[in-house]
Amino acid sequence: MVLCVYLPVSFSILFFLITLYINSFVQVWADRNVPYWLPTLPDIGHNLLPYCTYFQINNYYISIAFILVIIRYIFQRDIRLIVFRRWFFLQAVMYVMRTISIYVTSLSVPLPSCNTTAVGSPSIEAFYIMFFMHTTCGDVLFSGHTITLTLCALAWTTYSKGEEHYPIRWLWYRLRGMNQKIVSNGSSWFYPKLDSTGDPLSFYITTLLVWMFTIIGYLFIIATRFHYTVDVFLGFLLANLTWQIYHYYIKNLAERRSIIITRFFLWFEDYEKLQQQLVHMKKPYNVTRSNDMITTVENKKRKLSKKSDESTQKKKKVHFSFDQSENEIPKKMDFDTLSSSLKSRASEKLAQVAVAKRQARDKTDPTILSNVKLIKKQLKSKQKQMEHKKKKKHINIVQDKENTTFRQRLKERQKLRRGVLYDMADKSKKIWEILRRDETTNEVRVKLCGELMKLIEGNVKFLSMAHDTTRVLECLIQFGNEQQKHYIFEQVQKDLPTMSKSLYAHHVVMKFLNYGTDNQKSLIKKSLHGHVCKLARHSIGCRVLEYCYNDLCNSAERFQLVQEFYGREYAILKTTDVKNIEELLATKAATGQRANVLEYMQENLMACIQKDLLSTSIVHRAMHEYIRNADEKGRTELVDAVKEKLIKMVHSRDGARVAIFCLWYGTNKDRKALIKSLKSFVVKIAKEEQGYPILWTIFDIVDDTKLVSKIILQELMSNFDDIINDSHGKKVLMYLIAPRNTKHLQYDLVQLMKTSDALNTSKKDPEIRQRELFEYCKSYFLEYFTSNTLATLKDGFQGFMMTEMIERLSPEDNLSSFYTSISTLLDNATVEPQAETNLIENQITHNVLRHLIIADGKRQKKQKHNQTLVSTLLSTISPDTLRTWILCNRGCFIFVMMLEHGQSDECKQIRSLLVPSAMDTLKRQSFAGAKVLVEKLLSSS
């Protein structure tokens, strides 16, 4: 009998689960056939309510409502079976209706940026959707969340008689320190209505709170753009109508014809006596109902209580008379006498209960007391025994831990966890210990790989998911033959996207990318299609994606991967008609979908930024493409989100471009925050191949030169020697001396810097900004060039840095020590061929000296000053050493440059030095420098 009582409830739950699965299956089908290309339909609810991005709140909301209804009725024995069987049955009916609705009609997606996660097999994805693990976007008409919320509210308000009043009133009186009983003569909204026996019938506060909770849920569904407003309205309307129609039907069930549906609901609603007598209902003339039909009595009772109670209706007895006389007239029952009899019976029962309680208090049976004492003693003795056993077990455990090592305890835990597979894993690890050693020969490795393959056969997935056994697979992939690699790859091929996100299994995927065949690598790259955005947002999956994108893919394959940031359709179908984002946006602009692409890109990029996963090159490329093509609002939102995290992106070209665009389009506040985030990383950025243009942009665009000097220049100058000797760092220093000079800096980057001139985001004059930055760091340049003159002369780039610096220095700057160091170094130089000290004939040193003389001459023409480089050379270097310069070609050309750019008195000093004593020697020389110098000397004379 007990099982028969639970059969209807079990049927309802099973029916509910089956329809829920079918609905989820059809959701996946509808999502894959929804017209994503159609624009969103106009909706008043979407216009009135602000957009809420956290759509998962809908799933949490209906889960809370579902659990609250179960908790509310699970402990109420008299009606819980009735409530649950009807509740689950009606939800199943509604899901059948919804399945038909979403299958028949497909509407456009309410949220264009909605990202479906149900991309696998529909039969498997249906299970994920049932438990809110995956989501779809195309199941619009009508809302399933609204169905569940509405039925939960109706279940609560229909069957709850107001029992919630008791704990609320009790807590109220406890807080106020009062000790009162619940009375019925209070205000109608705070006190429940009572029936004739004193039981509550309804409680208005509960109904109000339940429907407020439900309406808030409706608003969340609309605000998250999960559904259109009409979907929510139809879900509420259909659920309410279905609930009312069903209850009206079962209340009049006994009067209906004997058909299959009636028989089913007689069994389902537990009309046992009616079901037994249903055989005689085929003779309608023999069936008469006593007491003028049961429905008239029930209607009168409804007028008294104003709300029917399903539990009391279930207990009502329906009397049939099966006499053969057709003329018998049923007796009518007076309703007044019926209500008075109920009152009298209730009062009698209450009196009997009160008398029984008094007798139990006054009289105590001595036998019962003795039995109670014995039971208490037995319980105490058992508790003591249990405590004694626990102490013994604890002592034994402590002793075992002291006597065993950590590795032994670890093995015991692994045995319990792995069970039968422990021995196989242990043997494979022992083989791996020998296989991975460098001294192991190739012949031994071949044998060991064969033994490993026999052990791991059929258990590849198990081995790939553990931290110790995954190394066995990695070693076998590295040293195994093609057949062994092929077998392992076949075992894991279907689970590659899942393994890419596993803490240990992703190493197996990485090994295949390193040591696998070309076919296996291409299959791994194809397996990432449809999962790029998920992997980019995963802390482990992004490693596999980065290695595959950066090291293995060509340009076409990279574009196929990055396409998944443009829209959901590109996860399945890749476009080959366009080559970059600009061409794709041009085609989308013609169809009005350009904004949808940029919105989808922004959604995925914001997810990566929130999870702080900004080290992958594919994310840098997508972000660069977005900020390059987004509107002002989109750029502002992206800059605000990423401005303090750009240090993780400067190592790639696209990441550095994103930082440059953030500096260009950010406000002064954004630039200040960005510069502060670079603190302690300035030297690293200056040495990065792609990062140093960021510092150029800061020098170009930021007006607050004090902030730049304090954070950027101070760190650069404190590591001046390290930076000036770096191939990329010295370009940063050159930009401080000669900004945008294409003679020394890369032309493409200089043109990139010039594009910021059209933005007009900087108010300060560029010349003033550059002069202020140069004034801060010029002393460091002079100090370094003076103390490292030889290295500077031999390094062409540093030498040209010297020449550019001399041109920018003012007359107040003292260059005497710098010129003296150059002169002293040249005084000790020789002109012997192939000698290390032959600086005069050295090509690089010769060019640097020439440009130094030219730069000093230009500086002298602008503003005259006493000490020049030529005068310092003539006064410091001995005449005999100077005359040796004419013995080499480049030495003669240095004299020519001194005559062309020196002052008149310096030229006279040179002629007196060379004429007439050195003229014969110069005329005997055959190289071009001597001939040019002779012409200069003769013409000047």
Under 7 Å by Cβ, and 6 or more places apart or on different chains, what pairs join a residue from segment 1-26 that is at pLDDT 90 or above with one that is of a type in the set (S, T, N, Q) and open to solvent by 80 Å² or more (accessible area, probe 1.4 Å)?
none
If you go through 82, 100, 70, 74, the only one that is within 24 Å of residue 14 (Cα to Cα), β-branched (Val, Ile, Thr) and open to solvent by less than 20 Å² (accessible area, probe 1.4 Å) is 82
Looking at (1) more than 20 Å from residue 251 (Cα to Cα); (2) among the charged types (D, E, K, R); (3) surrounded by fewer than 18 Cβ atoms within 10 Å (Cβ to Cβ), find the lone condition where residue 125 falls short.
(3)
For residue 202, are the conditions met, namely being modelled with pLDDT of 85 or more, of a type outside the set (A, V, I, L, M, F, W, C), open to solvent by less than 60 Å² (accessible area, probe 1.4 Å) and over 30 Å from residue 527 (Cα atoms)?
no
Restricted to segment 537-578, and to residues that are modelled with pLDDT of 90 or more and outside any helix (DSSP H, G or I), which residue is nearest to residue 505 (Cα to Cα)?
540
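When you scan segment 103-122, how many residues do you find that are assigned to a loop (DSSP other than H, G, I, E, B), of a type outside the set (S, T, N, Q) and either open to solvent by 40 Å² or more (accessible area, probe 1.4 Å) or under 19 Å from residue 6 (Cβ atoms) (or both)? Write out each step before concluding.
So the first thing to find is which residues in segment 103-122 are assigned to a loop (DSSP other than H, G, I, E, B), and the list is 105-121.
Now restrict to residues that are of a type outside the set (S, T, N, Q): 107, 109-112, 114, 118-120.
Now narrow it down to the ones that are either open to solvent by 40 Å² or more (accessible area, probe 1.4 Å) or under 19 Å from residue 6 (Cβ atoms) (or both): 107, 112, 119.
Result for segment 103-122: 3.
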Across segment 413-428, what is the number of residues that are surrounded by 13 or more Cβ atoms within 10 Å (Cβ to Cβ) and modelled with pLDDT of 75 or more?
7
Could you look through segment 223-235, keep only residues that are within 24 Å of the chain's Cα centre (by Cα) and among the hydrophobic types (A, V, I, L, M, F, W, C), and pick out the one that is farthest from residue 147 (Cα to Cα)?
223
Of the conditions (1) under 23 Å from residue 799 (Cβ atoms); (2) of a type outside the set (Gly, Ala, Ser); (3) open to solvent by less than 40 Å² (accessible area, probe 1.4 Å), residue 825 satisfies every one except a single condition; which number is it?
(3)
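This table checks each residue for (1) free of Cβ contacts under 8 Å to residues at least 24 places away in the same chain; (2) in the same structural domain as residue 797 (by the TED database); (3) surrounded by 18 or more Cβ atoms within 10 Å (Cβ to Cβ).
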position: 713; (1), (2), (3): no, yes, yes
position: 733; (1), (2), (3): no, yes, yes
position: 741; (1), (2), (3): no, yes, no
position: 748; (1), (2), (3): yes, yes, no
position: 751; (1), (2), (3): yes, yes, no
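Counting only residues that are part of a loop (DSSP other than H, G, I, E, B) and among the aliphatic types (A, V, I, L, M), how many does segment 123-155 have?
Kept after step one, since they are part of a loop (DSSP other than H, G, I, E, B), are these residues of segment 123-155: 131-143.
Going one step further and asking which of them are among the aliphatic types (A, V, I, L, M), we end up with 133, 140-141.
Residues in segment 123-155 being part of a loop (DSSP other than H, G, I, E, B) and among the aliphatic types (A, V, I, L, M): 3 in total.
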Restricting segment 607-623 to residues that are within 8 Å of the chain's Cα centre (by Cα) and part of a helix (DSSP H, G or I), the residue that is nearest to residue 647 (Cα to Cα)
609
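Is it true that residue 689 is at pLDDT 90 or above, touching a Ser or Thr at 6+ places or on another chain (Cβ under 9 Å), part of a helix (DSSP H, G or I) and more than 21 Å from residue 799 (Cβ to Cβ)?
Working: at pLDDT 90 or above: yes; touching a Ser or Thr at 6+ places or on another chain (Cβ under 9 Å): yes; part of a helix (DSSP H, G or I): no; more than 21 Å from residue 799 (Cβ to Cβ): yes.
Here the answer is no, as residue 689 does not meet what is asked.
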Regarding segment 903-921, can at least one residue be identified that is within 27 Å of residue 804 (Cα to Cα), in contact (Cβ under 8 Å) with a residue 12 or more places away in the chain and of a type in the set (Gly, Ala, Ser)?
no
Give just the number: which of (1) in contact (Cβ under 8 Å) with a residue 40 or more places away in the chain; (2) open to solvent by 30 Å² or more (accessible area, probe 1.4 Å); (3) among the polar types (S, T, N, Q) does residue 610 not satisfy?
(1)
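Conditions tested, residue by residue: (1) surrounded by fewer than 21 Cβ atoms within 10 Å (Cβ to Cβ); (2) outside any helix (DSSP H, G or I); (3) modelled with pLDDT of 95 or more.
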| residue | (1), (2), (3) |
| --- | --- |
| 599 | yes, no, no |
| 628 | yes, no, no |
| 633 | yes, no, no |
| 663 | no, no, no |
| 680 | yes, yes, no |
With the requirement that a residue be within 20 Å of residue 435 (Cα to Cα) and either assigned to a loop (DSSP other than H, G, I, E, B) or charged (D, E, K, R) (or both), what does segment 481-503 give you?
481, 482, 485
Is it the case that some residue within segment 47-55 is hydrophobic (A, V, I, L, M, F, W, C), without any contact (Cβ under 8 Å) to a residue 24 or more places away in the chain, surrounded by fewer than 16 Cβ atoms within 10 Å (Cβ to Cβ) and on the phi < 0 side of the Ramachandran plot?
yes
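On the basis of being part of a loop (DSSP other than H, G, I, E, B), open to solvent by 20 Å² or more (accessible area, probe 1.4 Å), modelled with pLDDT under 85 and in contact with an Asp or Glu (Cβ under 9 Å, 6 or more places away or on another chain), does residue 40 make the cut? So that I can check it myself, show each step before the final result.
Working: part of a loop (DSSP other than H, G, I, E, B): yes; open to solvent by 20 Å² or more (accessible area, probe 1.4 Å): yes; modelled with pLDDT under 85: yes; in contact with an Asp or Glu (Cβ under 9 Å, 6 or more places away or on another chain): no.
Taking the combined requirement at face value, the residue does not satisfy it.
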By residue number, the members of segment 471-501 that are under 24 Å from the mean Cα position of the chain (by Cα) and open to solvent by less than 20 Å² (accessible area, probe 1.4 Å) are 496, 499, 500
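Please determine, by comparing only the residues of segment 226-258 that are modelled with pLDDT under 70 and not in a helix (DSSP H, G or I), which one is least open to solvent (accessible area, probe 1.4 Å). Lay out the reasoning, then the answer.
Taking segment 226-258 first, the residues modelled with pLDDT under 70 are 253-258.
Then keep just the ones that are not in a helix (DSSP H, G or I); that gives 256-258.
Numbers: 256: 84, 257: 178, 258: 48 Å².
Taking the candidates together, the pick is 258.
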Would a scan of segment 786-804 turn up a residue that is over 58 Å from the mean Cα position of the chain (by Cα), buried (at least 19 other Cβ atoms within 10 Å of the Cβ) and within 23 Å of residue 877 (Cβ to Cβ)?
no
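The values are calculated or read from the model by the stated rules, or taken from the named source; none is laboratory data. A quick note: this is a predicted structure, and the numbers were derived from the prediction, not measured. Don't worry about glycine lacking a Cβ; one is built from the backbone with ideal geometry, like all the others, and counts go over all protein chains shown. Side chains are part of the model used for accessible areas, which takes the heavy atoms of the whole protein and leaves out ligands, DNA and RNA. Shrake-Rupley method; radii C 1.70, N 1.55, O 1.52, S 1.80 Å.
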